[in-house]
Amino acid sequence: MRPRVAVLSGFGINCELETMAVFRMAGAEADRIHLNRLVRGEKKLSDYQIMAIPGGFSFGDHLGSGRLLGNRLRFGLREQVREFVTSGKPVIGICNGFQVLVKMGLLPGDEDVSLSQTASLALNDSGQYENRWTTLEFDHDSPCIWTSGMDRIRVPVRHGEGKFVTNDNSLMDKWAKSGQLVARYVDPSKQYPSASDEILPYPISPNQSWRNVAGVCDPTGLVFGIMPHPEANHSTWLGATWTREKKEQGEGEGMQIFHNAIKYVS
């Protein structure tokens, strides 16, 4: 059977169709589910093998990006979310979805899935919404199942609050040691591996995230959040330089993330 993916919808989420498309391209079935249907019990997360929280502007970002939707999940679906994660099912949050997972405490998370917030996504240092292409590098030693076997990809960012921070700098060392700082912005002119703790200049690091963090996973590697949009590079013709590189039309660099998840649950 094809794995089933629950793609959350509602309250300003606006990238659900693209997210559904990439999972279908990777070989899964994807359903768009309004969050209220889960809260009311009309749908159950347990019927799905993967959960995805797409990008957008949930609740208009009025109290900070991802804050209100994170609370909606943490309090309205607490036990369903905890059961989903503890049963070993993958979760991905993209852009606003990443912000949601961080602010509900699922990322960077802990072994007990306590849903206690330990990090945040703050305003970009540029003071503006960033819409540009970036290069990401992945940690080969990370437990993250979503990025297994991947070196680098080029993906666009579209956010105003993407600066990954914490109020306890020692946690950054802990997360780095456990491989949870899985994705970082890098200078595309440098050879792999080149990820650095020293913050790269703007716009290579579009938001000035601590240690150039662009994505993190939980200790199990099943829950993954990423600030740029891998679903926005699902085909070569979506790439910013594909005509110059004279590539044949085919899958884009972001698709491997979704193939990895489908392979894992299959």
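The values are calculated or read from the model by the stated rules, or taken from the named source; none is laboratory data. The shown structure was predicted, so the numbers you read here are calculated from the model rather than taken from an experiment. Because the Cβ atoms are built from the backbone with ideal geometry, glycine has one as well, and the counts that use them run over all protein chains shown.
If you go through the stretch 140-174 and keep only what is of a type in the set (D, E, K, R), modelled with pLDDT of 95 or more and part of a loop (DSSP other than H, G, I, E, B), you end up with D141, D151.
Which condition does E137 not pass, out of (1) touching a residue at least 40 places away in the same chain (Cβ under 8 Å); (2) of a type outside the set (F, W, Y); (3) in a loop (DSSP other than H, G, I, E, B); (4) touching a Lys or Arg at 6+ places or on another chain (Cβ under 6 Å), if it passes all the others? For E137, the exception is condition (3).
Within the set of pairs 6 or more residues apart or between chains, which connect a residue that is among the hydroxyl-bearing types (S, T, Y) inside the stretch 211-228 to a residue that is surrounded by 24 or more Cβ atoms within 10 Å (Cβ to Cβ) and in a loop (DSSP other than H, G, I, E, B) with Cβ atoms less than 9 Å apart? Close Cβ pairs (under 9 Å, with a partner that is surrounded by 24 or more Cβ atoms within 10 Å (Cβ to Cβ) and in a loop (DSSP other than H, G, I, E, B)) amount to T220/G109.
Evaluate the following for N131: is it at pLDDT 90 or above and either out of contact with any helix residue (DSSP H, G or I) (no Cβ under 7 Å at 6 or more places or on another chain) or crowded, with 24+ Cβ neighbours inside 10 Å (or both)? Even if it seems obvious, please write down each step before you answer.
Details: at pLDDT 90 or above: yes; either out of contact with any helix residue (DSSP H, G or I) (no Cβ under 7 Å at 6 or more places or on another chain) or crowded, with 24+ Cβ neighbours inside 10 Å (or both): yes.
Taking the combined requirement at face value, the residue satisfies it.
Quick grid of which residues meet (1) closer than 27 Å to E111 by Cα; (2) among the aliphatic types (A, V, I, L, M); (3) under 15 Å from the mean Cα position of the chain (by Cα):
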residue	(1), (2), (3)
S205	no, no, no
Q208	no, no, no
G221	yes, no, yes
I226	yes, yes, yes
A240	no, yes, no
Q249	no, no, no
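Being at positive phi and surrounded by fewer than 24 Cβ atoms within 10 Å (Cβ to Cβ) is true for just one of L115, L123. Which residue is that? Just one listed residue meets the conditions, L115.
Taking the stretch 222-255 as the search range and keeping residues that are among the aromatic types (F, W, Y) and over 17 Å from S148 (Cα atoms), which one is modelled with the lowest pLDDT? Here the residue is W242. Evaluated against (1) among the polar types (S, T, N, Q); (2) over 24 Å from P108 (Cα atoms); (3) crowded, with 18+ Cβ neighbours inside 10 Å, N260 falls short on exactly one condition, (2). Filtered by the rule that a residue be touching a helix residue (DSSP H, G or I) at 6+ places or on another chain (Cβ under 6 Å), not hydrophobic (A, V, I, L, M, F, W, C) and not in a helix (DSSP H, G or I), the stretch 30-59 gives R32, K43, Q49, P54, G55, G56. In summary, helices (runs of 4 or more DSSP H) completely within the stretch 65-128 and bearing 1 or more residues that are modelled with pLDDT of 90 or more and among the small types (G, A, S) occur at 96-103. Tell me yes or no: at least one residue of the stretch 149-172 is under 23 Å from G56 (Cβ atoms) and hydroxyl-bearing (S, T, Y). Within the stretch 149-172 (the criterion being under 23 Å from G56 (Cβ atoms) and hydroxyl-bearing (S, T, Y)), the answer is no, since none of the residues qualifies.
Go through the stretch 1-29 residue by residue and tally those that are in a strand (DSSP E or B) and under 16 Å from K89 (Cβ atoms).
Here the count works out to 6.
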